[in-house]
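Remarks on the structure that follows.
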Amino acid sequence: MIIDQGFPPHPSPLTPHEGDRSVALALDLGTTTLVGRLLAADGTVLAEARSPNPQRACGADILTRLQCAQEGHGKELQQLLAGGVNALVKELLTTAKVPAGAITAAAAAGNPGICHLLCNLPVDRLLHPPHRSLLTELTSLPANALDLGLSVPLQLFPAVSGFVGGDLVAVLSRGLGAGDWGLATSLQPPASSPCLVLDLGTNAELALWTGSQWRVTSAAAGPAFEAGNIACGMPLAPGAVTDVQLRGDRLELAVAGGGRPAGLCGSGLLALVAAARQGGLIDAGGRIVAPDEVGSNLARYLVRDREGWAISFHRDARGELRLAQDDVRQLQLAKGAVRAGVEVLLERSGLTAGDVASVLITGAFGAALPVAAVRGIAMLPEGMVDKSFFVPNGVLDGLAAFLTDPHGAERLQALLATVKPLPLSGTPAFERRFLAALEF
């Protein structure tokens, strides 16, 4: 594949004018989930959709897929991803009722592994130290390079290193005006007060603004944040449990679209575990307890299964939904990786949790992530929880800011100059804190 890398100055392809029907495409290429958004020339969202990443057939995690590519299946993985993107683009166009030719600009972001697989590039440098990406500049994929259903090049956001990708760069680009994490699109760093950004998915990426630079890293969290590998996990769709509240001796479920619960999306999983922990159904070590250990009527939610005990959080004439012990363990591994990463980032930067002014959390959870759930599973140091807020898809927001900014490429390059990667996984400091962070 012929690709073009660099930051050539260019006018915005979406400069609005009266009667303009051109649209832009933003793509978040996640390990587990693909998410896309169509934007009008003025930045209005015309359509948004998500679908499973078809590459999951070759492995749930990115490491397995990279090893698969190294064994000679790179072209197959590329075609799977391209096919998934093509189907997603068609769904967006149908929803927005616009023709494919109306797309005049397109940008995408993902972790380093996914982007290498999209371009069918060698993966050896990602798999082995010093873990470097070949895609560290803004990359233009020609319209005819892949069967993506596009007539314009796809701009691929640059990776920072072999372990921090363009998806985190996009989140940092989502409008960080001085002192404002809101709707600004300046692509400038925040004010001098330290702040933290968490982009949580199968590959959790973290960024800490120290007051002068972004210190960024990543940790393998697994797909639990997206409800992947969870017994009754599902993406956000009608029937997905998005939140769970403990009301007396009852677990109260919030369901997308109302009606009968069909499974747990990511936010629902975190909220259910937090509520179960609050009600004494799960102990501090993550074990689902036996009924005789619960001193309330909540014990009725506990049922026997092959692993010991499970939490039957919904039951009706048509079936039952359970949270199994392995589901809890999967979430412990994910949240432990994030907490350990945050603590080591703070330590390496000479900061404490109390120094951090705000925490932006984004990712493919499905619905808004309740603060009570973050606190209930001890995902963040206590002093940070009340400073946190959730953005549904910071990656798409950042890509939209880039696509609608006449100077997007130049400002992106300036942002990258403030970013410093910091490898954590496998270091003694990270491993020590990870083991301690597994508990609730």
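Quick notes on this one:
- Based on protein heavy atoms only, the range 35-179 ends up with 38 Å² per residue of surface accessible to a 1.4 Å probe.
- Note on Asp355: accessible area is roughly 70 Å² with a 1.4 Å probe, heavy atoms of protein only.
- Relative pair counts by distance (%), Cα atoms of the range 16-76, 5 Å bins: 4, 16, 19, 14, 12, 10, 9, 8, 5, 2, 0
- Across the accessible surface of the range 297-361, with the other protein chains kept in place and a 1.4 Å probe, carbon and sulfur atoms take up 45 percent.
- Between Arg125 and Leu333, the modelled label-to-label distance comes to 3.0 nm, taking each label 7 Å out from Cα in the direction of the beta carbon.
- Dipole magnitude (debye, nearest 20) for the chain, charges at Cβ of Lys, Arg, Asp, Glu: 480 debye
- Gyration tensor (alpha-carbon) shape descriptor, the range 374-440, a/c threshold 1.5: oblate
- The accessible-area ordering, largest first, of the residues Arg411, Arg247 stands as Arg247, Arg411, per a 1.4 angstrom probe.
- Per residue accessible area of the range 341-440, 1.4 Å probe, in Å²: 38 Å²
- Once the Cα-Cα distance is subtracted from the 0.36 nm per residue extended length, the His407 to Ala220 segment shows a gain of 64.0 nm.
- The accessible surface of the range 97-153, taken with every protein chain in place and a 1.4 Å probe, is 55 percent carbon and sulfur.
- Approximating the spin labels as points 7 Å out from Cα along Cα→Cβ, the Ala143-to-Glu320 distance works out to 5.6 nm.
- The HN-Hα couplings worked out from phi for the range 110-116 by the Karplus form 6.51 cos²θ - 1.76 cosθ + 1.60 (θ = phi - 60°) are x, 6, x, x, 4, 5, 4 Hz, whole numbers, x standing for Gly and Pro.
- Crossing angle, helix 325-349 versus the chain [Cα axis fit, 0-90 degrees, rounded to tens]: 60 degrees
- Cα-based helix-to-principal-axis angle, 394-403 vs the chain, degrees rounded to 10: 10 degrees
- HN-Hα J in Hz across the range 241-250 - Karplus 6.51, -1.76, 1.60, θ = phi - 60°, x for Gly and Pro: 6, 9, 7, 9, 10, 8, 10, x, 10, 9
- Using θ = phi - 60° and Karplus 6.51 cos²θ - 1.76 cosθ + 1.60, couplings along the range 125-136 (whole Hz; Gly, Pro as x): 5, 7, 7, 10, x, x, 6, 10, 8, 8, 10, 9
- By a 1.4 Å probe calculation restricted to protein chains, Val371 has an accessible surface near 60 Å², given to the nearest 10.
- Surface listing: Thr31, Thr427 arranged by accessible area from highest to lowest gives Thr427, Thr31, probe 1.4 Å.
- Distance between the 7 Å Cα→Cβ label points at Thr352 and Lys420: 2.2 nm.
- DSSP assigns beta bridges within the chain; of those with both partners inside it, close to 65 percent run antiparallel.
- For the chain, the longest principal axis of the C-alpha atoms and the axis of helix 74-96 are separated by about 90°.
- Relative frequency of Cα-Cα separations exceeding 35 Å in the chain, percent: 28 percent
- Accessible-area order (highest first, 1.4 angstrom probe) of the listed residues Met234, Met384: Met234, Met384
The values are calculated or read from the model by the stated rules, or taken from the named source; none is laboratory data. The model shown is predicted, which means the values in this text are computed figures rather than measured ones. Here the Cβ is made from the backbone with ideal geometry for all residues, glycine too, and neighbour counts use every protein chain on show. Each accessible area value is taken on the protein alone, full model and side chains, heavy atoms only, with ligands, DNA and RNA left out. Shrake-Rupley method; radii C 1.70, N 1.55, O 1.52, S 1.80 Å.
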